[in-house]
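In what follows, a single structure is set out as structure tokens and then discussed.
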């Protein structure tokens, strides 16, 4: 299938072969989209020391190009002021005008009320809230300006797809800053969707539920498995296929939705 032929997509936080970000890139490329993905080795090396590889982004870009699409990438720290506009400039220079944005990059460090600190809260807010909010806003402003430059009758449109973690489905004790900042993304998604609908830019969020993307130990898997009535734990490809659909023209009537795609978990 080539539902995304001639489209260009940005996927943030694609740093590991087994991660959700990489699966999203593969799914979009399989539909014909060209990719520009971001990564941040220092964060991955801290959280996934056994899986972080400085050379992987280059290898992954080559893998995507073998699917007959363009692929480029850059290291990006969303906590740096101005990073959103800088990213969009680089994408336009190297690949072209993006019309699909997948906000997959996240910051997550477990902390209960005893461990919570001001710096930990700020770190979560800088990526999960400010990073996602500003990149979405800059992306929408770019498409609005492009539409005006082309013609008043131009229907350019676009897709913004955010990743959340099902905060509305129940509490997440021991992960306070992450849960709260990801919850903010859900609220932002709903309100931004209403603002951008006149521009034919849809905004949705996907909650993939617990996903075996490299962080689960065998003990965690065994504890979670009975809670999946489908009989298996979620895989990165499950979220990626849904996101590929939301990025396509087939989803043009869906906006402002928080989709809990978690196999009945």
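The values are calculated or read from the model by the stated rules, or taken from the named source; none is laboratory data. A quick note: this is a predicted structure, and the numbers were derived from the prediction, not measured. Note: ideal-geometry Cβ built from the backbone for every residue, glycine included; neighbour counts use all protein chains shown.
Given the conditions (1) assigned to a loop (DSSP other than H, G, I, E, B); (2) more than 30 Å from residue 142 (Cβ to Cβ), which single one is not true for residue 219? Here residue 219 clears every test but (1).
Considering (1) at pLDDT below 95; (2) surrounded by fewer than 23 Cβ atoms within 10 Å (Cβ to Cβ); (3) under 15 Å from residue 39 (Cα atoms), the lone condition that residue 106 does not fulfil carries the number (2). What are the residues in the stretch 1-53 that are in a strand (DSSP E or B) and either surrounded by fewer than 17 Cβ atoms within 10 Å (Cβ to Cβ) or under 15 Å from the mean Cα position of the chain (by Cα) (or both), if any? Within the stretch 1-53, 8, 9, 10, 11, 35, 36, 37, 38, 39 meet the criteria.
Looking at 138, 118, 146 in this structure, which one is farther than 26 Å from residue 52 by Cα, surrounded by fewer than 17 Cβ atoms within 10 Å (Cβ to Cβ) and either in contact with a strand residue (DSSP E or B) (Cβ under 9 Å, 6 or more places away or on another chain) or touching a residue at least 12 places away in the same chain (Cβ under 8 Å) (or both)? Walk me through how you get there before you give the answer.
On the way: 138 fails: surrounded by fewer than 17 Cβ atoms within 10 Å (Cβ to Cβ); 118 fails: either in contact with a strand residue (DSSP E or B) (Cβ under 9 Å, 6 or more places away or on another chain) or touching a residue at least 12 places away in the same chain (Cβ under 8 Å) (or both).
On inspection, the qualifying residue turns out to be 146.
Run down 234, 209, 214, 263 and say which single residue is modelled with pLDDT under 95, closer than 21 Å to residue 20 by Cα and touching a helix residue (DSSP H, G or I) at 6+ places or on another chain (Cβ under 8 Å). Among 234, 209, 214, 263, only 263 is modelled with pLDDT under 95, closer than 21 Å to residue 20 by Cα and touching a helix residue (DSSP H, G or I) at 6+ places or on another chain (Cβ under 8 Å).
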